[in-house]
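Q: My structure is below; once you've seen it, I'll send some questions.
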Amino acid sequence: MADEAKKALVIGATGGIGGEVARVLRARGWAVRALHRDPERARASNPDLEWIKGDAMDRTSVARAAEGIPVIVHGANPPGYRNWAGLVLPMLDNMIAAAAANGAHVLLPGTVYNYGPDAGEAVDETAPQNPVTRKGAIRAEMERRLQKASHEGVKALIVRAGDFYGPRSGNSWLAQGMVPTAGPVKRVFNPARAGVGHGWAYLPDLAETMVRLLERRDELTDFDCFQFGGTWVDDNRAFAEAVRQAAGCPAAPIYPFPWPIVHAIAPFNETAREMREMIYLWRRPLRLLDGKLRRFLGQVPATSLDEALRTTLQGLGRS
């Protein structure tokens, strides 16, 4: 791939997925530009990027940052789920406008939120999207807008994955829900109902997968979707047990997640309301099938669970 084709703008480069994709892009020889309201402060998180001052909510600054860039990674994600309805779609629209103006190929990290219970327990890219939550409806609308844009000259790639974990994952169910206390792990909380499986995505592996797809984007359709299977456990307690093993405290107790407390404070706390909305994903399995991805890439990056968790816990300050 020519050097001119290996340039990317990352929106959300200080976040978990945006930052990880930016690091992989740089490691694979890409020139990476990053948009941030305070570039001097953001530079400390990743000094190898070209930081540009701007706001994802400001269409002019997004367009300026995207000038001459053939790939845009849209990793913007309001922290703590705060004001999703007011921020997520306007930011996406600004990015789409910038991509259209520059002929850029868009990468959107996707989630399982798009799928409702009617999708079944194991879903591929063709499964129906009938979300039952507000976040799910927003996620489905994001994909719909990208698909519409693909008919108007904007090429789009979506890679859906389960719950993120990794050494720089930021807001995550692992960090905030399962081992929420800083310092050595003394206890682990399991959000899932007994016997319910869950899908996890180790961010370094997911980011590597996304970049490999971007490097073969000429082989993709104008609107293409892949699913990253990542780490699937048939019972999420097994993941909790792996966490305490990786933390070096195999006897640490595993407690049920305190859902009653979340329900109690949800009327007064936006983050708790959003957490409560996703409880269905812990009460029934929803596995992303990744056969299409494996057929296209062949080998998919897959760090062993023990190594991934040890690296994650160290990065999160939990070891």
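The values are calculated or read from the model by the stated rules, or taken from the named source; none is laboratory data. Everything numeric here is computed off the predicted structure, so don't read it as measured data. When we count neighbours, we look across all protein chains shown, and the Cβ atoms used for this are built from the backbone with ideal geometry, even at glycine.
Q: Name the residue, out of Ala66, Ala101, Ala56, that is small (Gly, Ala, Ser), out of contact with any Cys (no Cβ under 6 Å at 6 or more places or on another chain) and surrounded by fewer than 21 Cβ atoms within 10 Å (Cβ to Cβ).
A: Ala101
Q: Residues of the range 248-266 being of a type in the set (Gly, Ala, Ser) and exposed (fewer than 14 other Cβ atoms within 10 Å of the Cβ), which ones?
A: Kept after step one, since they are of a type in the set (Gly, Ala, Ser), are these residues of the range 248-266: 248, 251-252, 264, 266.
Within the range 248-266, Gly248, Ala251, Ala264 meet the criteria.
Q: Let me ask something else about it. Please specify each residue of the range 137-185 satisfying the condition of being closer than 26 Å to Arg216 by Cα, buried (at least 19 other Cβ atoms within 10 Å of the Cβ) and aliphatic (A, V, I, L, M).
A: Within the range 137-185, Met142, Leu146, Ala149, Val154, Ala156, Leu157, Ile158, Val159, Ala161 meet the criteria.
Q: Here is a further query. Among the numbered criteria (1) free of Cβ contacts under 8 Å to residues at least 60 places away in the same chain; (2) under 25 Å from Leu89 (Cα atoms), which single criterion is violated by Asp48?
A: (2)
Residue-by-condition table, conditions (1) in contact with a Leu (Cβ under 6 Å, 6 or more places away or on another chain); (2) among the charged types (D, E, K, R); (3) farther than 21 Å from Arg216 by Cα:
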| site | (1), (2), (3) |
| --- | --- |
| His36 | no, no, yes |
| Leu49 | no, no, yes |
| Gly54 | yes, no, yes |
| Gly75 | no, no, no |
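Q: Another one. Which one of Leu203, Leu214 is among the aliphatic types (A, V, I, L, M), under 30 Å from His263 (Cβ atoms), crowded, with 24+ Cβ neighbours inside 10 Å and in contact (Cβ under 8 Å) with a residue 12 or more places away in the chain? Before the answer, list the steps.
A: Details: Leu214 fails: under 30 Å from His263 (Cβ atoms).
When all the criteria are applied, what remains is Leu203.
Q: Looking only at the range 156-182, count how many residues are over 30 Å from Ala8 (Cα atoms) and at pLDDT 95 or above. Spell out the reasoning first.
A: Let us first name the residues in the range 156-182 that are over 30 Å from Ala8 (Cα atoms), namely 176-182.
Now restrict to residues that are at pLDDT 95 or above: 178-179.
Here the count works out to 2.
Q: Hey, another quick one. Are any residues in the range 226-240 touching a strand residue (DSSP E or B) at 6+ places or on another chain (Cβ under 7 Å) and outside any loop (DSSP other than H, G, I, E, B), and if so, which ones?
A: Residues of the range 226-240 that are touching a strand residue (DSSP E or B) at 6+ places or on another chain (Cβ under 7 Å), as a first pass: 226-233, 236-237, 239-240.
Answer for the range 226-240, where residues must be touching a strand residue (DSSP E or B) at 6+ places or on another chain (Cβ under 7 Å) and outside any loop (DSSP other than H, G, I, E, B): Phe226, Gln227, Thr231, Trp232, Val233, Asn236, Arg237, Phe239, Ala240.
Q: The conditions are (1) without any contact (Cβ under 8 Å) to a residue 60 or more places away in the chain; (2) in contact with a Gly (Cβ under 9 Å, 6 or more places away or on another chain); (3) surrounded by 18 or more Cβ atoms within 10 Å (Cβ to Cβ); (4) outside any helix (DSSP H, G or I), and Val106 fails exactly one of them. Which is it?
A: Of the numbered conditions (1) without any contact (Cβ under 8 Å) to a residue 60 or more places away in the chain; (2) in contact with a Gly (Cβ under 9 Å, 6 or more places away or on another chain); (3) surrounded by 18 or more Cβ atoms within 10 Å (Cβ to Cβ); (4) outside any helix (DSSP H, G or I), the odd one out for Val106 is (2).
So that you can scan it fast, the table gives a plain yes or no per residue for (1) closer than 30 Å to Ala104 by Cβ; (2) β-branched (Val, Ile, Thr); (3) out of contact with any Ser or Thr (no Cβ under 6 Å at 6 or more places or on another chain); (4) crowded, with 22+ Cβ neighbours inside 10 Å:
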| site | (1), (2), (3), (4) |
| --- | --- |
| Thr209 | yes, yes, yes, yes |
| Ala242 | no, no, yes, no |
| Ala246 | no, no, yes, yes |
| Phe268 | no, no, yes, no |
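Q: Hey, among Arg160, Arg193, Arg145, Arg168, which residue is touching a residue at least 24 places away in the same chain (Cβ under 8 Å) and in contact with a strand residue (DSSP E or B) (Cβ under 8 Å, 6 or more places away or on another chain)?
A: Details: Arg193 fails: in contact with a strand residue (DSSP E or B) (Cβ under 8 Å, 6 or more places away or on another chain); Arg145 fails: in contact with a strand residue (DSSP E or B) (Cβ under 8 Å, 6 or more places away or on another chain); Arg168 fails: in contact with a strand residue (DSSP E or B) (Cβ under 8 Å, 6 or more places away or on another chain).
Within the list Arg160, Arg193, Arg145, Arg168, the selection yields Arg160.
Q: Among the residues of the range 270-304, which ones are charged (D, E, K, R) and either at pLDDT 90 or above or surrounded by 14 or more Cβ atoms within 10 Å (Cβ to Cβ) (or both)?
A: As a first pass, look at the range 270-304 and keep what is charged (D, E, K, R): 270, 273-274, 276-277, 283-284, 287, 290, 292, 294-295.
Of everything in the range 270-304, those that are charged (D, E, K, R) and either at pLDDT 90 or above or surrounded by 14 or more Cβ atoms within 10 Å (Cβ to Cβ) (or both) turn out to be Arg273, Glu274, Arg276, Glu277, Arg283, Arg284, Arg287, Asp290, Lys292, Arg294, Arg295.
Q: Also, quick follow-up: Scanning for something at positive phi and more than 22 Å from the chain's Cα centre (by Cα), does the range 226-243 turn up at least one residue?
A: Here is the first cut: in the range 226-243, the residues at positive phi are 230.
Cutting the leftovers down to more than 22 Å from the chain's Cα centre (by Cα) gives us none.
No, there is no match, as no residue in the range 226-243 is at positive phi and more than 22 Å from the chain's Cα centre (by Cα).
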